[in-house]
Amino acid sequence: MGIKTNITLYTEGTPNGLKASIVLEELGLEYKVVTIDFSKHEQKEPWFLEINPNGRIPALTDKGESGQEIKIFESGAILQYIVATYDRDHKISYPYGTKEHWETVSWLMWQMAGIGPMQGQANHFTRFAPEKLAYPITRYISETHRLYRTLDEQLDKNGTGYVVGDRVTVVDIAIWPWVAAHNFSGITSLEKYPAITKWFKELIKRPGFEAGRNVPRPHFHITLNEATEEEMERVAEGGGSGRMRRGREILPFKVGGYVKLGGVLM
């Protein structure tokens, strides 16, 4: 049994969505999950816009000490809220005001402003743009590689197996789901990044990562790292949902022996 909370997570199996579920699982918190159906544009429904006016996932609701409803959106804000409210023993954080705390904030903002947007654009222009334009594909893949080099150097320099300090933090959790989706975004190999490769493989061994990455459905982006280019293009034709298109019909699509049921990169 986990630690009881009033948290409801509104999510789908995208890199940004997985950040929140991994944090919740790492802290052993009980929470409700509402899966947002992108195919029905539920993220644009009035009820959801009351929680997140920007119409994106993830979003989170909770109850404060006085019973008032708390609504949080933007994945970075959600991670900071969960840690500030529920990580009193600093299992995945550092005490406020310490050197490590501000390093964690800095690297979290780096992910939110860097890897997320840049790799997201690489993903769009590589897989979903109506025309395969060389300039934006090259630009965003190159910038994602630059950010991966920065991450690799930091992991090597820190030497603990984590981005900041001597423990897993929200920084590792925020970055990991994007690295898991690297191949689908045009980053075909992690061979040039030995520190990232080791870090990635070690984190997936943690029960919190394993459980969190499969919320609200089996994690399919990681298996696409073993897919062929043809297979990934067929997934993209199905809307990036881990499905392939046959005429107007959308069918489940198997990669590596698993049926993929996830969502688009967000």
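Looking at the structure I just gave you, is PRO58 of a type outside the set (D, E, K, R) and closer than 22 Å to GLY13 by Cβ? Let's see the steps before the verdict.
On the way: of a type outside the set (D, E, K, R): yes; closer than 22 Å to GLY13 by Cβ: yes.
So PRO58 fits the description; yes.
Just to be sure before I move on: is MET118 part of a helix (DSSP H, G or I) and in contact with an Asp or Glu (Cβ under 7 Å, 6 or more places away or on another chain) in the structure I sent? When the stated conditions are applied, MET118 passes them.
Any idea which of GLY13, GLY2 is among the small types (Gly, Ala, Ser) and more than 23 Å from ALA181 (Cα to Cα)? So the residue among GLY13, GLY2 that is among the small types (Gly, Ala, Ser) and more than 23 Å from ALA181 (Cα to Cα) is GLY2. Under the condition of being on the phi > 0 side of the Ramachandran plot and open to solvent by 20 Å² or more (accessible area, probe 1.4 Å), which residue from region 41-96 is nearest to the chain's Cα centre (by Cα)? Selected residue: GLU74.
Of all residues assigned to region 87-97, none qualifies as being part of a helix (DSSP H, G or I) and either in contact with a Leu (Cβ under 7 Å, 6 or more places away or on another chain) or not acidic (Asp, Glu) (or both). When you scan region 24-36, how many residues do you find that are under 10 Å from TYR10 (Cα atoms) and under 18 Å from the mean Cα position of the chain (by Cα)? Adding up the residues that qualify gives 4. What are the residues in region 224-244 that are at pLDDT 85 or above, open to solvent by 30 Å² or more (accessible area, probe 1.4 Å) and either β-branched (Val, Ile, Thr) or assigned to a loop (DSSP other than H, G, I, E, B) (or both), if any? Listed by number, the list holds a single entry, THR228. Tell me yes or no: at least one residue of region 104-114 is small (Gly, Ala, Ser) and in contact (Cβ under 8 Å) with a residue 12 or more places away in the chain. Yes, some residue in region 104-114 is small (Gly, Ala, Ser) and in contact (Cβ under 8 Å) with a residue 12 or more places away in the chain.
The values are calculated or read from the model by the stated rules, or taken from the named source; none is laboratory data. Only a predicted model underlies this, so the values are computations on that prediction, with no experimental measurement involved. For neighbour counting, all protein chains shown are included, and Cβ atoms are generated from backbone atoms with ideal geometry for every residue, glycine included. In case anyone asks, the SASA skips ligands and DNA or RNA and just uses the protein heavy atoms, side chains included. Shrake-Rupley method; radii C 1.70, N 1.55, O 1.52, S 1.80 Å.
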